[in-house]
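Chemist: Sharing a structure below in structure tokens format, with a few things to ask.
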Amino acid sequence: VDSRQAAYDLPWLEHLTGDVHQPLHLTSRFLRSQPKGDAGGNFVFVEPGRNLHSLWDDAAAPRDLSDDDIVRYARKITTDYAAGTALSLDPLAWAAESFELDKSAVYTFGSETGSKEHPLKLPPGYEERAKRIARQRVAMAGYRLAAVLNKYLR
């Protein structure tokens with residue numbers, strides 16, 4: 001293996017594995033009011049003053065984690081969400097799971113899109129559920145990435 005190529009490929013593999021596991025990273029919802037799509041929730045405005053995509057990204061992990069915080073966070077989510085016994089290594093299955101979550105957990109508030117001036121008020125419990133789902137998906141992405149690396153880099 002060319003070490004320069006591996007140094008380039010590994011961060012991309014990590015990034016794409018994380019993205020494919022998170023809701024809204026592979027989906028755009030199309031409505032009559034948004035015939036070009038909502039850009040993965042980026043054009044759905046919710047309270048307080050943000051878009052749906054950023055709500056789900058922030059639910060996955062705080063943006064301002066230090067190196068020590070990242071290690072603590074990883075320990076916490078792997079404690080909270082065990083790997084299970086069968087880890088799919090099929091990226092198409094991972095994408096399908098995320099798409100199902102978009103339908104069953106993300107777009108549960110109807111066909112409204114909100115606006116910057118008049119953002120949507122999400123139903124009670126929505127953000128807590130988003131946090132649980134997004135963090136479970138972070139843990140699963142980590143387990144699957146480790147399994148892929150173990151399988152192909154040994």
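Chemist: Given N residues in the chain, what is Rg(Cα) / (2.2 N^0.38 Å)?
Modeler: Cα-based Rg divided by the globular estimate yields 1.14.
Chemist: Can you compute the charge dipole magnitude of the chain about its Cα centre, using +1 on each Lys and Arg Cβ and -1 on each Asp and Glu Cβ, nothing else charged? Give it in debye, rounded to the nearest 20.
Modeler: Using Cβ point charges on Lys, Arg, Asp and Glu, the chain gives about 240 debye.
Chemist: Separate question: May I ask for the distance between the Cα centers of the stretch 11-53 and the stretch 99-154, given as a whole number of Å?
Modeler: After rounding, the separation between the Cα centres reads 10 Å.
Chemist: May I ask you to compute the full-extension gain from residue 85 to residue 10, defined as 0.36 nm times their residue separation minus their alpha-carbon distance, rounded to one decimal in nm?
Modeler: So the chain would gain 24.5 nm between residue 85 and residue 10.
Chemist: Return the carbon/sulfur percentage of the accessible area of the stretch 61-147, one whole number, probe 1.4 Å, all protein chains in place.
Modeler: Solvent-exposed carbon and sulfur of the stretch 61-147 make up 56 percent of the total.
Chemist: Follow-up question, since we're still on this one. Angle check, please: helix 126-152 long axis (alpha carbons) against the longest principal axis of the chain (alpha carbons), in degrees 0 to 90, nearest 10.
Modeler: 20 degrees
Chemist: Quickly estimate the mean residue ellipticity at 222 nm for the chain, helices only: each DSSP H run with n ≥ 4 gives -39500 (n - 2.57), and the total goes over all residues, rounded to 500.
Modeler: Taken over the chain, the calculation gives -17000 deg cm²/dmol.
Chemist: Per residue, how much accessible area does the chain show when a 1.4 Å probe rolls over the protein heavy atoms, in square angstrom?
Modeler: Here the residues of the chain average 63 Å² of exposed surface.
Chemist: Determine which lysines satisfy two conditions relative to residue 131: a Cα distance under 18 Å, and not lying fewer than 8 residues away in the same chain.
Modeler: 76, 103, 121
Chemist: Still on this structure, I have one more. Of 16, 123, 55, which is farthest towards the positive pole of the stretch 1-148's charge dipole, taken about the Cα centre with +1 and -1 on the beta-carbons of Lys, Arg and Asp, Glu respectively?
Modeler: With unit charges placed on the Cβ atoms, the residue in question is 123.
The values are calculated or read from the model by the stated rules, or taken from the named source; none is laboratory data. Here the structure is a predicted model, which is why all the values come from computation and not from measurement. Cβ: placed from backbone, ideal geometry, glycine included. Neighbour counts: every protein chain shown. Remember, those area values only see protein heavy atoms, side chains included, never the ligands or the DNA or RNA. Shrake-Rupley method; radii C 1.70, N 1.55, O 1.52, S 1.80 Å.
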